[in-house]
């Protein structure tokens, strides 16, 4: 086992165990649990649930057995509840301290009950949100817009994560929701499939029912790599979707530049990219999975993945160099679960969600249509982005 993977696996195990231990140790304190058998049972739960979470994700990655879906669903769902319960426990500790300071006659068990119930309710709400993507319309203004594309409907999808959690019903509903808006073009910026398995072949066939006048284009994300490049290509070649693998295409003034994850070493790797500035009046849209520079340091794919994933470069220098006007990305899920949206905002320096600007380059990062891991969203909504190119209004 490579040293980097060993460190990551060990760290993950210790973190998951530490999260459970903190939660259950807090519960023992909050509710004055003193009976030895009850305490032993609670500590045993710490070990059992840690094992379930770890093994659930491992089994999902390696096995196609019928029972794995249910086992993984429980492990993933509990992980979401665990995160929110830990946040609640931290708040309870803070409230206990505050109540002690100001001498309010409120018992710690009462405080704990209220906050832990709120965390469970919040988690249940997050499950509903995760399976109910909403259309979000985003106007992007330029001085010039190609006549054929002014105010057109560009559907931007990302991070659908079709697999064990987001299955047939979700895919069918997503397709209907997109098609009813009759988009001119659909672009998908990676993670169509989930790296933890599932009936990908059936789900891809359903997704192929997406309809757009100018076609459906996609670039790969990190989860396509987890599945295996050959397997992913075999599945996607059976569809009418058009893969842009470090390629440039132009349609009546709209230019698409698709860069595959985890990026390239130099812009010269982009096929058919015209030299110099783009044609006056055209709009150049860059499709890249992460809201980062398309050029990533590192020699091989593994090194570039590590850099892009853990040390995101939000200078967008290479993206500006190729004269991109608008970059469409996903990947971050906007944190997916509270409080991870705070982490993604810091990590991506504010480019983790929404429409932002770096110099003359617009960057729109969607929160994504699906989820990874816990089948819930509490930091943000699941969304389908509807991009409209509009001319800047003259004063």
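Identify the residues of the range 172-192 with backbone N under 19 Å of a label point that sits 7 angstrom from the Cα of residue 148 along the Cα-to-Cβ direction, or state none. Residues passing the 19 Å test: 183-187. Reducing the range 208-246 and the range 80-135 to their Cα centroids gives an inter-centroid distance of 41 Å.
Segment residue 180..residue 121, full-extension length gain: 18.0 nm, with 0.36 nm per residue of separation and the alpha-carbon distance subtracted.
Rounded to the nearest 5, what % of DSSP beta bridges with both residues in the chain are antiparallel?
25 percent
How high is the relative contact order of the range 3-130, given as a whole-number percent (alpha carbon pairs under 8 Å, six or more residues apart)?
25 percent
Just want to confirm a number: the relative contact order over the range 335-395, from Cα pairs under 8 angstrom separated by 6+ residues, in percent.
Details: 62 pairs, mean separation 20.1, N = 61.
For the range 335-395, the relative contact order is 33 percent.
The stretch between residue 8 and residue 280 holds 93.1 nm of extra length on full extension. This uses 0.36 nm per residue minus the Cα-Cα distance. Across the range 126-210, the fraction of Cα-Cα pairs farther apart than 21 Å, rounded to a whole number, is 35%.
Report the full-extension gain for the segment residue 136 to residue 250: residue separation times 0.36 nm, less the Cα-Cα distance, to one decimal in nm.
Values: separation 114, 0.36 × 114 = 41.04 nm, distance 2.57 nm.
Computed gain between residue 136 and residue 250 is 38.5 nm.
In terms of its alpha-carbon gyration tensor, the range 74-127 comes out prolate; a/c meets the 1.5 threshold, and the first ratio a/b outweighs b/c.
Extent of the chain along its three principal axes (Cα atoms, max minus min coordinate, largest first): 76, 54, 42 Å.
Only Cα pairs within less than 10 Å get springs; with that Gaussian network setup on the chain, which residue of 275, 137, 224 has the largest fluctuation? In the Gaussian network model the winner is 275. In the range 3-130, inverting the average of 1/r over every pair of distinct C-alpha atoms gives 16.3 Å as the Kirkwood radius. Taking all Cα pairs closer than 8 Å and separated by 6 or more residues, the relative contact order of the chain comes to 20 percent. Bridge orientation summary for the range 184-259: considering DSSP beta bridges with both residues in this region, about 45 percent are antiparallel.
Pull out a ≥ b ≥ c, the square roots of the eigenvalues of the alpha-carbon gyration tensor of the range 1-70, then state rounded if a/c is under 1.5, prolate if not and a/b is larger than b/c, and oblate in the remaining case. Oblate, because a/c is 1.5 or more while a/b does not exceed b/c.
Packing, as the average of other Cβ atoms within 10 Å across residues, places the peptides 98-111, 166-179 in the order 166-179, 98-111, highest first.
Only helices enter the 222 nm calculation for the chain: every DSSP H run of n ≥ 4 contributes -39,500 (n - 2.57), and dividing by all residues gives -14000 deg cm²/dmol, rounded to 500. For the range 300-374, DSSP calls about 55 percent of its internal beta bridges antiparallel. Summarised in one figure, the compactness ratio Rg/Rh of the range 57-156, Cα atoms and Kirkwood Rh, is 1.26.
The numbers here are math on the coordinates, done by the rules we state, and not lab data. As the structure is a prediction and not an experimental result, all values here were calculated from the model. For neighbour counting, all protein chains shown are included, and Cβ atoms are generated from backbone atoms with ideal geometry for every residue, glycine included.
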